[in-house]
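Written out below as C-alpha coordinates is the structure these notes cover.
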Amino acid sequence: MTDRQSRAPGQVKEVTSLSNPLVKDIKALAMKKYRDREHAFMAEGLKLVLDALDAGWTIRTLVYAKAGRGNAAVEKAAARTVAAGGLVLEVSEKVLAAITRRDNPQMVVGVFQQRYRPLADIRPAEGDVWVALDRVRDPGNLGTIVRTVDAVGAAGVILVGECTDPFSLETVRATMGSLFSVPLSRADEDAFLVWRKSFPGLAIGTHLKGSVDYRTLDYTTGPVLLLMGNEQQGLPGRLAETCDRLVRIPQAGRADSLNLAVATGVMLYEIRRAALPATPEA
Ligand code: SAM
(Lines give C-alpha, C1' and ligand atoms only; values in the text may rest on other atoms or scores of the structure.)
Protein backbone atom coordinates (compact mmCIF):
# COMPACT_ATOMS: atom_id res chain seq x y z
CA MET A 1 0.00 0.00 0.00
CA THR A 2 1.44 3.42 -0.89
CA ASP A 3 1.69 6.14 1.75
CA ARG A 4 -0.95 8.13 -0.16
CA GLN A 5 -3.37 5.23 -0.11
CA SER A 6 -2.70 4.60 3.57
CA ARG A 7 -3.71 8.20 4.35
CA ALA A 8 -6.74 8.39 2.08
CA PRO A 9 -9.59 10.01 4.01
CA GLY A 10 -13.05 8.65 4.54
CA GLN A 11 -11.92 5.10 5.25
CA VAL A 12 -11.77 2.67 8.17
CA LYS A 13 -8.47 0.90 8.84
CA GLU A 14 -7.36 -1.65 11.38
CA VAL A 15 -4.02 -0.89 13.02
CA THR A 16 -2.21 -3.00 15.59
CA SER A 17 1.40 -1.92 15.16
CA LEU A 18 2.93 0.88 17.23
CA SER A 19 5.29 1.57 14.35
CA ASN A 20 2.48 2.32 11.91
CA PRO A 21 3.18 5.83 10.53
CA LEU A 22 -0.40 6.97 11.18
CA VAL A 23 -0.06 5.97 14.83
CA LYS A 24 3.33 7.70 15.07
CA ASP A 25 1.84 10.93 13.67
CA ILE A 26 -0.99 10.87 16.20
CA LYS A 27 1.34 10.06 19.10
CA ALA A 28 3.50 13.02 18.11
CA LEU A 29 0.53 15.33 18.82
CA ALA A 30 1.35 14.94 22.51
CA MET A 31 4.14 17.43 21.71
CA LYS A 32 3.41 21.10 21.12
CA LYS A 33 5.86 21.31 18.23
CA TYR A 34 3.81 18.81 16.24
CA ARG A 35 0.45 20.25 17.29
CA ASP A 36 1.61 23.65 16.05
CA ARG A 37 2.95 22.20 12.81
CA GLU A 38 -0.20 20.20 12.09
CA HIS A 39 -2.67 22.70 13.61
CA ALA A 40 -4.21 19.64 15.24
CA PHE A 41 -4.84 18.17 18.70
CA MET A 42 -6.32 15.14 20.44
CA ALA A 43 -9.57 14.90 22.39
CA GLU A 44 -10.03 11.76 24.49
CA GLY A 45 -13.29 10.00 25.17
CA LEU A 46 -16.55 9.52 23.31
CA LYS A 47 -18.31 12.39 25.09
CA LEU A 48 -15.63 14.91 24.12
CA VAL A 49 -15.51 13.68 20.54
CA LEU A 50 -19.29 13.93 20.21
CA ASP A 51 -19.26 17.40 21.85
CA ALA A 52 -16.68 18.52 19.30
CA LEU A 53 -18.58 17.08 16.34
CA ASP A 54 -21.84 18.62 17.55
CA ALA A 55 -20.11 22.00 17.89
CA GLY A 56 -18.89 21.76 14.29
CA TRP A 57 -15.17 21.17 14.89
CA THR A 58 -13.35 19.53 11.99
CA ILE A 59 -12.31 15.96 12.73
CA ARG A 60 -9.30 14.53 10.92
CA THR A 61 -9.03 11.10 12.50
CA LEU A 62 -11.14 9.02 14.85
CA VAL A 63 -9.29 6.29 16.71
CA TYR A 64 -11.20 3.64 18.64
CA ALA A 65 -10.31 0.47 20.49
CA LYS A 66 -11.45 -2.86 19.06
CA ALA A 67 -13.76 -3.15 22.06
CA GLY A 68 -15.74 -0.26 20.58
CA ARG A 69 -16.79 -2.30 17.56
CA GLY A 70 -20.54 -2.80 17.71
CA ASN A 71 -21.03 0.08 20.16
CA ALA A 72 -23.76 2.22 18.55
CA ALA A 73 -22.34 5.56 19.73
CA VAL A 74 -18.81 4.71 18.57
CA GLU A 75 -20.09 3.54 15.20
CA LYS A 76 -22.12 6.73 14.84
CA ALA A 77 -19.02 8.82 15.58
CA ALA A 78 -17.11 6.75 13.02
CA ALA A 79 -19.81 7.30 10.41
CA ARG A 80 -19.77 11.05 11.07
CA THR A 81 -15.98 11.07 10.71
CA VAL A 82 -16.12 9.26 7.38
CA ALA A 83 -18.90 11.58 6.18
CA ALA A 84 -16.69 14.56 7.08
CA GLY A 85 -13.85 13.10 4.99
CA GLY A 86 -11.81 11.96 7.99
CA LEU A 87 -10.00 8.73 8.64
CA VAL A 88 -11.17 6.07 11.11
CA LEU A 89 -8.67 3.77 12.78
CA GLU A 90 -9.66 0.68 14.72
CA VAL A 91 -6.69 -0.05 16.98
CA SER A 92 -5.54 -2.41 19.70
CA GLU A 93 -5.67 -1.32 23.37
CA LYS A 94 -1.88 -1.21 23.31
CA VAL A 95 -1.90 1.34 20.49
CA LEU A 96 -4.55 3.47 22.21
CA ALA A 97 -2.58 3.40 25.48
CA ALA A 98 0.54 4.54 23.61
CA ILE A 99 -1.34 7.37 21.84
CA THR A 100 -2.88 8.73 25.04
CA ARG A 101 0.04 7.80 27.32
CA ARG A 102 -2.39 6.20 29.74
CA ASP A 103 -2.56 2.66 31.10
CA ASN A 104 -6.35 2.63 30.96
CA PRO A 105 -7.13 4.74 27.92
CA GLN A 106 -10.57 5.92 26.90
CA MET A 107 -12.14 3.83 24.13
CA VAL A 108 -12.12 6.71 21.63
CA VAL A 109 -9.73 9.50 20.64
CA GLY A 110 -10.46 12.17 18.07
CA VAL A 111 -7.86 14.24 16.22
CA PHE A 112 -9.30 17.66 15.47
CA GLN A 113 -8.16 20.79 13.70
CA GLN A 114 -7.21 23.65 16.04
CA ARG A 115 -9.36 26.75 15.97
CA TYR A 116 -8.69 30.33 17.10
CA ARG A 117 -10.95 33.31 16.54
CA PRO A 118 -8.96 36.28 15.21
CA LEU A 119 -9.14 39.25 17.61
CA ALA A 120 -10.47 41.40 14.78
CA ASP A 121 -13.53 39.12 14.53
CA ILE A 122 -14.58 39.73 18.15
CA ARG A 123 -17.62 42.00 18.24
CA PRO A 124 -18.37 42.58 21.93
CA ALA A 125 -22.10 42.93 22.51
CA GLU A 126 -24.08 44.20 25.52
CA GLY A 127 -23.77 41.63 28.34
CA ASP A 128 -20.71 39.90 26.89
CA VAL A 129 -17.82 39.05 29.20
CA TRP A 130 -14.43 38.39 27.64
CA VAL A 131 -11.63 37.01 29.82
CA ALA A 132 -8.06 38.01 28.93
CA LEU A 133 -5.40 35.76 30.48
CA ASP A 134 -1.92 37.18 30.75
CA ARG A 135 0.76 34.50 30.13
CA VAL A 136 -1.22 31.73 31.83
CA ARG A 137 1.25 28.93 32.50
CA ASP A 138 -0.61 26.08 34.12
CA PRO A 139 -2.65 23.78 31.81
CA GLY A 140 -4.99 22.87 34.68
CA ASN A 141 -5.70 26.54 35.38
CA LEU A 142 -6.40 27.27 31.71
CA GLY A 143 -8.68 24.25 31.34
CA THR A 144 -10.56 25.11 34.53
CA ILE A 145 -11.01 28.71 33.40
CA VAL A 146 -12.35 27.66 29.98
CA ARG A 147 -14.80 25.35 31.75
CA THR A 148 -15.90 28.14 34.10
CA VAL A 149 -16.26 30.63 31.25
CA ASP A 150 -18.56 28.10 29.61
CA ALA A 151 -20.51 27.50 32.84
CA VAL A 152 -21.27 31.18 33.43
CA GLY A 153 -22.07 31.90 29.79
CA ALA A 154 -19.19 34.32 29.26
CA ALA A 155 -18.26 35.11 25.66
CA GLY A 156 -14.72 33.75 25.35
CA VAL A 157 -11.06 33.74 26.33
CA ILE A 158 -8.19 35.79 24.94
CA LEU A 159 -4.70 34.38 25.55
CA VAL A 160 -2.27 37.27 25.88
CA GLY A 161 1.46 36.71 25.43
CA GLU A 162 3.23 33.35 25.80
CA CYS A 163 0.57 31.07 27.29
CA THR A 164 0.33 27.35 27.91
CA ASP A 165 -1.15 25.53 24.90
CA PRO A 166 -4.96 25.28 25.10
CA PHE A 167 -4.72 22.20 22.86
CA SER A 168 -2.41 20.15 25.07
CA LEU A 169 -3.86 16.85 26.31
CA GLU A 170 -3.84 18.15 29.88
CA THR A 171 -5.69 21.38 29.09
CA VAL A 172 -8.23 19.66 26.85
CA ARG A 173 -8.90 17.14 29.65
CA ALA A 174 -9.36 19.93 32.21
CA THR A 175 -11.89 21.77 30.02
CA MET A 176 -14.18 18.69 30.17
CA GLY A 177 -15.52 19.50 26.72
CA SER A 178 -16.01 23.24 27.24
CA LEU A 179 -13.09 23.86 24.88
CA PHE A 180 -15.50 23.14 22.06
CA SER A 181 -18.03 25.79 23.00
CA VAL A 182 -15.79 28.63 24.20
CA PRO A 183 -14.21 30.84 21.52
CA LEU A 184 -10.45 31.25 22.00
CA SER A 185 -8.33 34.09 20.67
CA ARG A 186 -4.65 34.83 21.12
CA ALA A 187 -2.47 37.89 20.75
CA ASP A 188 0.84 39.26 21.89
CA GLU A 189 0.69 42.06 24.44
CA ASP A 190 1.08 44.83 21.84
CA ALA A 191 -1.69 43.52 19.58
CA PHE A 192 -3.96 43.01 22.59
CA LEU A 193 -3.38 46.59 23.79
CA VAL A 194 -4.28 47.95 20.35
CA TRP A 195 -7.44 45.83 20.22
CA ARG A 196 -8.38 46.81 23.78
CA LYS A 197 -8.61 50.49 22.72
CA SER A 198 -11.67 49.64 20.65
CA PHE A 199 -13.33 47.58 23.40
CA PRO A 200 -16.66 49.34 23.99
CA GLY A 201 -17.16 48.46 27.70
CA LEU A 202 -15.42 48.30 31.09
CA ALA A 203 -11.95 46.76 31.29
CA ILE A 204 -11.51 45.32 34.79
CA GLY A 205 -8.11 44.16 35.95
CA THR A 206 -7.66 41.94 39.00
CA HIS A 207 -4.69 42.90 41.10
CA LEU A 208 -3.44 42.23 44.61
CA LYS A 209 -2.85 45.99 44.89
CA GLY A 210 -6.29 46.81 43.44
CA SER A 211 -7.95 49.68 45.28
CA VAL A 212 -11.55 48.63 44.59
CA ASP A 213 -13.44 45.76 46.23
CA TYR A 214 -14.69 43.63 43.31
CA ARG A 215 -18.17 43.46 44.92
CA THR A 216 -18.75 47.20 44.68
CA LEU A 217 -18.80 47.62 40.88
CA ASP A 218 -21.79 47.56 38.54
CA TYR A 219 -20.96 45.10 35.77
CA THR A 220 -24.30 45.40 33.97
CA THR A 221 -23.68 48.56 31.98
CA GLY A 222 -22.17 46.96 28.85
CA PRO A 223 -19.65 44.36 27.79
CA VAL A 224 -16.89 43.58 30.28
CA LEU A 225 -13.27 42.73 29.59
CA LEU A 226 -11.78 40.92 32.60
CA LEU A 227 -7.98 40.81 32.81
CA MET A 228 -6.29 38.13 34.93
CA GLY A 229 -2.56 38.12 35.69
CA ASN A 230 0.11 35.48 35.36
CA GLU A 231 0.36 32.94 38.19
CA GLN A 232 3.78 34.10 39.38
CA GLN A 233 4.02 37.77 38.43
CA GLY A 234 0.47 39.07 38.28
CA LEU A 235 -0.56 41.66 35.65
CA PRO A 236 2.40 43.57 34.19
CA GLY A 237 2.37 47.41 34.21
CA ARG A 238 1.12 47.96 30.67
CA LEU A 239 -1.83 45.60 31.08
CA ALA A 240 -2.70 47.03 34.51
CA GLU A 241 -2.58 50.59 33.12
CA THR A 242 -4.99 49.78 30.30
CA CYS A 243 -7.71 48.79 32.80
CA ASP A 244 -10.55 51.17 33.74
CA ARG A 245 -10.52 49.68 37.25
CA LEU A 246 -8.18 47.44 39.22
CA VAL A 247 -10.14 45.32 41.67
CA ARG A 248 -9.15 43.19 44.61
CA ILE A 249 -10.85 40.11 46.03
CA PRO A 250 -10.60 40.51 49.82
CA GLN A 251 -8.78 37.82 51.76
CA ALA A 252 -8.81 37.13 55.50
CA GLY A 253 -6.25 34.37 56.09
CA ARG A 254 -2.53 34.04 55.59
CA ALA A 255 -2.58 33.18 51.87
CA ASP A 256 -0.80 35.78 49.70
CA SER A 257 -3.24 35.36 46.84
CA LEU A 258 -5.88 33.10 45.36
CA ASN A 259 -5.15 30.52 42.70
CA LEU A 260 -5.65 32.08 39.24
CA ALA A 261 -8.53 29.79 38.24
CA VAL A 262 -10.28 30.31 41.59
CA ALA A 263 -9.91 34.11 41.33
CA THR A 264 -11.29 33.99 37.78
CA GLY A 265 -14.25 31.92 38.99
CA VAL A 266 -15.01 34.34 41.83
CA MET A 267 -14.90 37.29 39.40
CA LEU A 268 -16.99 35.62 36.73
CA TYR A 269 -19.75 34.66 39.14
CA GLU A 270 -19.93 38.24 40.41
CA ILE A 271 -19.84 39.79 36.92
CA ARG A 272 -22.48 37.36 35.60
CA ARG A 273 -24.61 37.39 38.78
CA ALA A 274 -27.56 39.24 37.21
CA ALA A 275 -27.45 37.16 34.04
CA LEU A 276 -27.50 33.76 35.72
CA PRO A 277 -30.94 32.37 36.50
CA ALA A 278 -31.73 31.83 40.19
CA THR A 279 -32.10 28.19 41.20
CA PRO A 280 -35.74 27.58 42.18
CA GLU A 281 -36.16 26.77 45.89
CA ALA A 282 -36.95 23.13 46.65
N1 SAM B 1 2.40 36.83 43.04
C2 SAM B 1 1.37 37.21 42.13
C3 SAM B 1 1.09 38.70 42.23
O4 SAM B 1 1.82 39.37 42.91
O5 SAM B 1 0.16 39.20 41.59
C6 SAM B 1 0.15 36.38 42.42
C7 SAM B 1 -0.62 36.11 41.22
S8 SAM B 1 -2.12 35.26 41.51
C9 SAM B 1 -1.61 33.66 41.90
C10 SAM B 1 -2.69 35.14 39.85
C11 SAM B 1 -3.72 36.13 39.45
O12 SAM B 1 -4.96 35.83 40.11
C13 SAM B 1 -3.44 37.57 39.81
O14 SAM B 1 -2.61 38.19 38.86
C15 SAM B 1 -4.83 38.15 39.79
O16 SAM B 1 -5.26 38.34 38.46
C17 SAM B 1 -5.65 37.02 40.40
N18 SAM B 1 -5.79 37.13 41.87
C19 SAM B 1 -5.45 36.20 42.78
N20 SAM B 1 -5.80 36.59 44.00
C21 SAM B 1 -6.38 37.80 43.88
C22 SAM B 1 -6.98 38.71 44.79
N23 SAM B 1 -7.07 38.48 46.10
N24 SAM B 1 -7.49 39.87 44.30
C25 SAM B 1 -7.44 40.13 42.97
N26 SAM B 1 -6.90 39.29 42.07
C27 SAM B 1 -6.39 38.14 42.50
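Residue check: Pro277 meets all listed conditions (1) in contact with a Gly (Cβ under 9 Å, 6 or more places away or on another chain); (2) at pLDDT below 95 but one, namely (1). One residue alone among Leu260, Leu235, Leu226 is touching a residue at least 24 places away in the same chain (Cβ under 8 Å), more than 6 Å from the ligand (Cβ to nearest atom), of a type outside the set (D, E, K, R) and surrounded by 18 or more Cβ atoms within 10 Å (Cβ to Cβ), and that residue is Leu226. Considering (1) more than 11 Å from the ligand (Cβ to nearest atom); (2) under 19 Å from Val212 (Cα atoms), the lone condition that Ala282 does not fulfil carries the number (2). Looking at the stretch 24-112, the strands (runs of 3 or more DSSP E) lying wholly inside it that each contain 1 or more residues that are within 24 Å of Val182 (Cβ to Cβ) sit at 40-44, 59-65.
For the stretch 85-97, a residue qualifies if it is touching a residue at least 60 places away in the same chain (Cβ under 8 Å) and surrounded by fewer than 18 Cβ atoms within 10 Å (Cβ to Cβ), and the qualifying residues are Gly85, Ser92, Lys94.
Would you be able to say whether some residue in the stretch 208-218 is near the ligand (Cβ under 8 Å from one of its atoms), surrounded by 15 or more Cβ atoms within 10 Å (Cβ to Cβ) and not hydrophobic (A, V, I, L, M, F, W, C)? Yes, the stretch 208-218 has at least one match. Select from the stretch 25-53 the residues that are within 16 Å of the chain's Cα centre (by Cα) and among the acidic types (Asp, Glu) and write down the one among them that is nearest to Arg102 (Cα to Cα). Among residues in the stretch 25-53 that are within 16 Å of the chain's Cα centre (by Cα) and among the acidic types (Asp, Glu), the one nearest to Arg102 (Cα to Cα) is Glu44.
Listed here are the residues, each with its yes/no results for (1) outside the structural domain of Gly127 (by TED's automatic domain parsing); (2) within 22 Å of Ala125 (Cα to Cα); (3) touching an Asp or Glu at 6+ places or on another chain (Cβ under 6 Å).
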residue: Pro200; (1), (2), (3): no, yes, no
residue: His207; (1), (2), (3): no, no, no
residue: Pro223; (1), (2), (3): no, yes, yes
residue: Gly234; (1), (2), (3): no, no, no
residue: Arg248; (1), (2), (3): no, no, no
residue: Val262; (1), (2), (3): no, no, no
residue: Gly265; (1), (2), (3): no, yes, no
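Exactly one residue among Val74, Val23, Val82 is in contact (Cβ under 8 Å) with a residue 60 or more places away in the chain and surrounded by 20 or more Cβ atoms within 10 Å (Cβ to Cβ), and that residue is Val23.
Is it true that Val152 is over 30 Å from Met31 (Cβ atoms) and surrounded by 16 or more Cβ atoms within 10 Å (Cβ to Cβ)? Yes. Near the ligand (Cβ under 7 Å from one of its atoms), assigned by TED's automatic domain parsing to the domain that holds Gly161 and surrounded by 13 or more Cβ atoms within 10 Å (Cβ to Cβ): does that describe Ala191? When the stated conditions are applied, Ala191 does not pass them. Taking the stretch 252-282 as the range and being touching a helix residue (DSSP H, G or I) at 6+ places or on another chain (Cβ under 6 Å) and assigned to a loop (DSSP other than H, G, I, E, B) as the test, only Arg272 passes.
The values are calculated or read from the model by the stated rules, or taken from the named source; none is laboratory data. Note that the structure is predicted; figures quoted are calculated from it, not measured. Virtual Cβ from ideal backbone geometry, glycine too; neighbours counted across all protein chains shown.
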